[in-house]
Every structure is written in structure tokens, then in C-alpha cells.
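Taking it in order: structure first as C-alpha cells, then the write-up.
The values are calculated or read from the model by the stated rules, or taken from the named source; none is laboratory data. Every value quoted in this text rests on a predicted model; they were computed, and no experiment measured them. When we count neighbours, we look across all protein chains shown, and the Cβ atoms used for this are built from the backbone with ideal geometry, even at glycine. Note: accessible area is taken over every heavy atom of the protein model, side chains too, but ligands, DNA and RNA are not part of it. Shrake-Rupley method; radii C 1.70, N 1.55, O 1.52, S 1.80 Å.
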Amino acid sequence: MFKILDRYIIKTFFGPFFFIFSVLFFIFIVNIVWIQLGQFMGKGLSTFQILKLLFYLGVNVITMVLPLTILLASIMSFGEFGERYELAAMKAAGISLTRVMLPLFGVATFLAIMLFFFSNNVVPDFQRKAKNMLFNIAQAKPALNFTPGQFIDQIPGYMVKFDKVEGENAEKLEGVFIHKKANTFDNQQSIVAQKGEFVPASNRAYLKLLLFNGYIFEDSYAGKGENVRVKQPDQAIKFDTLTVHFDIAELINKAIEKEQITDDYRFQSYTEVNSTIATAKKDNNRLAANMSSELISQTNSVVSYMDKNKVKAPVKAQYKFDTIKADKKLDLIFNSYNRLDNLKSSLDGKNNELNPSVKYFNKVIIYQQRILTYSFTCIIFFMIGASLGSIIRKGGMGLPVIIAIVIFIIFYVINVGFENAAWGGKINPYLAAWLPNIILFPFGVWMTYKALTDSQLFDAEKYKAFFKPITKRFGKQKEHKRYQ
């Protein structure tokens, strides 16, 4: 009997689970596309390359999608049990709510363990691929990276310069200068045009440029003697319209997957991050020791100067303007003040120099702990979701979705808030990574207790009865129409 019931409960859970996971995954992907859209447009990328990049980026968001999916699926599945009176039937048959939750608790625990291994072994590799692919895409097509008035050699075999770059995709150009790089045996060629425009090419491996009103300057006697070049100078060809194709296949096809960024803590597993933390800690200690020795030396110098030149006689209360320069005691005070001010400036400068190192160290620790904490978040979200679903007894996409979104927003705000505090050095990074779970776990236990005791937590009549003495005192009683 229990095996049949367990299969039914798990089957009911995975119905909304896969649907919600697909919807949330799609929403996160759309958000990524919206943010990264500028890097996709006009890059000459194939559909397969764009889909591959989205796949790399999509794998990285599963760590956030899965806990929210478990929360929402738990609320919906137990809400449906309550709405169809199946929970009441189970309790009437002597099956407790704890026993009903047990198979799904095992499923949530299994998913949490899988999330840990996924975050530890799979996500770092896809992080590396996604970051390198984004970096290479940013370098792939120079049309969006041209800086007006500067020579740029991003296009293989050419040196280009544009006086003005306009348009939504930086496609309209003015003051075009193109120089073809050539060796001793190639013809030297330079193109000058008043205006130009990048247009889509039929072959994605080429960058197509239309030029208007210009000249082609070409030396057709490469490799010949100097006397021949003197007799036959360079030729100039005037054109009204000229189409130029730049071969960028090397940038698009070869560099798009090339791993140029390899040293990043986000590319490492839980155990591999330990070595990064140890190295960062050693570097921070060395930096702090060097700063301390410098500041102590500078402080000793200031103290020695002030002790050596201390003024025994009291300083005058007032000084005349023409006697200030001649007063040695005031000179000593000014010098001492300047030394102290320089010491304070040095201290602020050292503090600003140390802050990035501390922030990086805390980021590495938080990243490492996130591999563990998000797995525990799955279990906590199941406790909250299953309890809320059995209390509200509403299935579907209405109230459960609203409650789940509110809980997730609270979790996200707490998560980001403590993370920023840890980056600033205001809180221990290990504590900052675990505090969201520490805060939500008692809430999950309390919600489970309320569900096990059949608490009417969302019964509006119960709250109306609780506040009725207060509303009755301040409210104005109305007579029945029959007595008016």
C-alpha cells in the first residue's frame, strides 16, 4: 500500500516540477539573452554558436532555478492534495502528514545532493566555456569595437581608421582610411573614402563594407628595383562606390572557442578552491605585513620629529600676520601637522589598496560555500513549500506562485545583502554564505510544525476574530435596516 502511495505522491510532485523547471529555465535564459543581446548582434555568429553559448550560460543558472522549482512544486503538489481532499483521506486512513512528506523529502534530499555534484563538477567547466566564449565574441567582430579617430588592427591583414562611427550598430562611417598590410612581394594598397557603411554579407565569414566617394592608392611594383618605381609611380583610382570584403573567418571560427581565460576561481571545484583561498590569504597577509611595516616606520618618524622638536613654552594665543613666518614655534606646529596629515593620507591609501584584495578573498570563500549552501536551500525550500501547500490547500498557478515568489525574493534579498556586506569586510564570508539558510531554517521548522498540527495559518476568519475586540471598540456600530 505504502509503495503505491509513495509512487503516486512522487508522480504528482514531478508533474508540476518539470513544467515549472522548464518555465523558470526559459525565463532565466530570456533574461540572459536580454542582457547579452548587444554582444550577439552583428557578430557574424551562426545559429549553432548562439545556441551553444546560451546552453553554456543556461547550465550556470540551474543552481538558482532548482531551489525555486522545488519550493513552487512542493506548494502546488501539496496544495492539490489538500484541494482534492486527498490529505484528509490519508489522515482518515491513519497516515500522518509526516509519512506523506517522507517520500518527497527523500526526493528533495536526492536533488540537493545531485545539485552539489552538479555545481562542483559540471558548472565550473561550463563557466569557463561561457566566459571564454563571451570574451571571444566581444573580440570577434571589430565593427562594434571601432574607436573614432584611432588606428585599429583587429581585422586580419588590415589597418583601419574612421573619423566618425554612427548608427545603432555602429554601421555608418565617415572619413574612412583602410591600409592593407603587405610583405615585400605584395602590392601596397590604401583606400580613402568620404563615407562607408557595414552591411550584412551573404557569407558570415566575411565583413562587408560599402565605401562612397574615395580613392584607391596602390603600388603595383612590389619587389622591383628602385629605378622602376621612380619611372612608374603609384597609381590612384577614383571610385563612386566600392565594396570591400574583409575575411574574418579566423576571428569567428577559430577564436570563438579558444580558451584565453583560464585563471579564475569560478572555474574550480570545491576542493580546488581551497588552494586559491590559501594563496589569496597568504598574499593578503604579506601585503598587510608590508603595509604595516611602512606605516609603523612612517609613524615612528612623525613621533620622533614631534618629540625632538616639541615646544616647551606655551604658544601665543594670537599671531600677527607679519610675525608668523618668523615664529619658529609655529613653524614646528605646521610641520608636525603636515606630517600627521601625510600619515593619515598614507593610511587611507593603504586601506584603499588592501580593500580589493580583501574583497577578492571574500568572493572566493562565498563562491565555494555557495556550492554547499544552495543544496541545503533545496531541503529548506521543500520544508517550507510542503508545509505551506498543506496549509493553504490550493493548487494551480495562482496563490502558490505568489507565495513562492515572495519567499524567493526574501531569500534573494537576504542572500545579496549579506554577500555585499561580506565583500566590504563587514561580516565573515563563511557566515554571510550560510546566514540565509540559518534564517530560513527555523521558519521552515515552524511551518512544518504548523502543518503537522493542522494550524489555520491562512484562515482570514481567525484573524478577524482575533482583531474583533479592537475593531469593535473603534468601529461604529450600524443598526439593522428594520429598526431604522
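Starting from the Cα-Cα distance between residue 51 and residue 205, subtract it from 0.36 nm times their residue separation and give me the gain in nm to one decimal.
Full-extension gain reported as 53.6 nm.
Which value, to two decimals, describes the C-alpha radius of gyration of the stretch 53-141 once divided by 2.2 N^0.38 Å?
Details: Rg = 19.9 Å, N = 89, 2.2 N^0.38 = 12.1 Å.
For the stretch 53-141, the normalised Cα radius of gyration is 1.64.
Compute, for residue 72, the solvent-accessible surface of its heavy atoms (probe 1.4 Å) with the complete set of protein chains present, and express it in square angstrom to the nearest 10.
In the full protein context, residue 72 sits at about 20 Å².
What does the extension gain come out to for residue 168 and residue 215, with contour length at 0.36 nm per residue minus their alpha carbon separation?
Residue separation times 0.36 nm, minus the Cα-Cα distance, leaves 14.2 nm.
What FRET efficiency comes out for the pair residue 153/residue 450, r = Cβ-Cβ distance, R0 = 56 Å, nearest 0.05?
0.25
Rounded to the nearest 0.05, what FRET efficiency do residue 195 and residue 91 have when you use their Cβ-Cβ distance and R0 = 60 Å?
The formula returns an efficiency of 0.15 here.
Given H placed on each backbone N at 1.01 Å, which residues far from residue 201 in sequence or on other chains put an amide H within less than 5 Å of it?
The list, which skips near neighbours in sequence, is 208.
Ordering 27, 414 from largest to smallest accessible area (1.4 angstrom probe), what's the sequence?
27, 414
So, R0 is 22 Å and r is the distance between the beta-carbons of residue 30 and residue 439; what FRET efficiency does that work out to, to 0.05?
0.15
Points 7 angstrom from Cα along the Cβ direction at residue 357 and residue 182: gap in nanometres?
5.4
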